[in-house]
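Enquirer: First the structure, then my questions, so here it is.
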Amino acid sequence: MFLPAHPMSRGRMLALCLALLGGLALSGWWQAQQSAGEALRAGTLRLHVRADSDSVYDQTCKLAVRDAVLDLTARLWPEDASPAEARRAAARRLPDIQWAARQALARLGQAKPVQVSLVNMYFDTTHYADFALPAGRYDAVRVDIGQPGTYGQNWWCVLYPGLCAAACGGYDDPAETDLVCGEYILRFRAVEWWQQLTAGRADRVLVSLP
């Protein structure tokens, strides 16, 4: 013998509807944050300089190379260039970037080998004076000074949209600018946590000089 099902009370029905709506809203919010993070990574070209060692002199050489590369890359693409145009310009001008780095070392009396490449690599969450970038995989111009396996402390910043020396801003999408320049709150943590959990750590070389 089956007992008739009790009809759901109005209060329980309202609670169920609110729970469903809340779940849908949370899902939409999560997706929006991940989409903003994906657009941010696609719209960013970073600079990664690796010193030959942690000695004071090699770290000084690293900063001289950094300054020379930043001076050159500031002129590689127009201010209204798209992310794709900036990447193509960087890939095309890798020999010039390598030459600028070698000249900076030569002025310091150094003839260390310099390897320059365009890579896609994983970065941890990075905090700068005026902005922060969430963890994840980004394309980067990488400048390696010296022999592999002996690298010292790294230096990195943002070549495109030019945040190395500029105030915060520069992204076309307000959601990207808000993610980078806003306070370190839940939307940033959502992108950061998901990338830390899912992004691969192996470097992928896109373009490299012989």
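Enquirer: Under 7 Å between Cβ atoms, which residue pairs at least 6 apart in sequence (or on different chains) link something in the range 39-64 that is aliphatic (A, V, I, L, M) with a partner that is part of a loop (DSSP other than H, G, I, E, B)?
Expert: Pairs found: ALA39/ASP173; LEU47/CYS164; ALA51/TYR151; ALA51/GLY152; ALA51/GLN153; ALA64/LEU108.
Enquirer: Specify the residue that is nearest to the chain's Cα centre (by Cα); the eligible residues are those in the range 97-113 that are assigned to a loop (DSSP other than H, G, I, E, B) and either modelled with pLDDT of 90 or more or of a type outside the set (S, T, N, Q) (or both).
Expert: The qualifying residue nearest to the chain's Cα centre (by Cα) is PRO113.
Enquirer: Name the residue that is farthest from THR150 (Cα to Cα), counting only residues in the range 50-76 that are hydroxyl-bearing (Ser, Thr, Tyr) and either part of a loop (DSSP other than H, G, I, E, B) or more than 20 Å from the chain's Cα centre (by Cα) (or both).
Expert: THR60
Enquirer: Something else now. Quick one: is ARG66 touching a strand residue (DSSP E or B) at 6+ places or on another chain (Cβ under 9 Å), within 20 Å of CYS157 (Cβ to Cβ) and either of a type in the set (Gly, Ala, Ser) or at pLDDT 85 or above (or both)? Quick ask: steps written out before the conclusion?
Expert: On the way: touching a strand residue (DSSP E or B) at 6+ places or on another chain (Cβ under 9 Å): yes; within 20 Å of CYS157 (Cβ to Cβ): yes; either of a type in the set (Gly, Ala, Ser) or at pLDDT 85 or above (or both): yes.
For ARG66, the condition - touching a strand residue (DSSP E or B) at 6+ places or on another chain (Cβ under 9 Å), within 20 Å of CYS157 (Cβ to Cβ) and either of a type in the set (Gly, Ala, Ser) or at pLDDT 85 or above (or both) - is met.
Enquirer: Return yes or no: is ALA39 part of a helix (DSSP H, G or I), surrounded by 18 or more Cβ atoms within 10 Å (Cβ to Cβ) and either among the small types (Gly, Ala, Ser) or touching a Pro at 6+ places or on another chain (Cβ under 8 Å) (or both)?
Expert: no
Enquirer: Inspect the range 152-168 for any residue being open to solvent by 10 Å² or more (accessible area, probe 1.4 Å), modelled with pLDDT of 85 or more and within 21 Å of the chain's Cα centre (by Cα) and give the result as yes or no.
Expert: Yes; the residues of the range 152-168 include at least one that is open to solvent by 10 Å² or more (accessible area, probe 1.4 Å), modelled with pLDDT of 85 or more and within 21 Å of the chain's Cα centre (by Cα).
Enquirer: Restricting to the range 81-96, name every residue that is open to solvent by 70 Å² or more (accessible area, probe 1.4 Å) and assigned to a helix (DSSP H, G or I).
Expert: Scanning the range 81-96 gives GLU85, ARG88, ARG92.
Enquirer: Quick one: VAL116 ticks every box in (1) part of a loop (DSSP other than H, G, I, E, B); (2) surrounded by 15 or more Cβ atoms within 10 Å (Cβ to Cβ); (3) at pLDDT 75 or above bar one, so which box is it?
Expert: Only one criterion in (1) part of a loop (DSSP other than H, G, I, E, B); (2) surrounded by 15 or more Cβ atoms within 10 Å (Cβ to Cβ); (3) at pLDDT 75 or above is unmet by VAL116, namely (1).
The values are calculated or read from the model by the stated rules, or taken from the named source; none is laboratory data. This structure is a prediction, so every number in the text was calculated from the model and none was measured. Using ideal geometry, Cβ is built from the backbone for each residue, glycine included, and neighbour counts are taken over all protein chains shown. Only protein heavy atoms, including side chains, enter the accessible area calculation; ligands, DNA and RNA are left aside. Shrake-Rupley method; radii C 1.70, N 1.55, O 1.52, S 1.80 Å.
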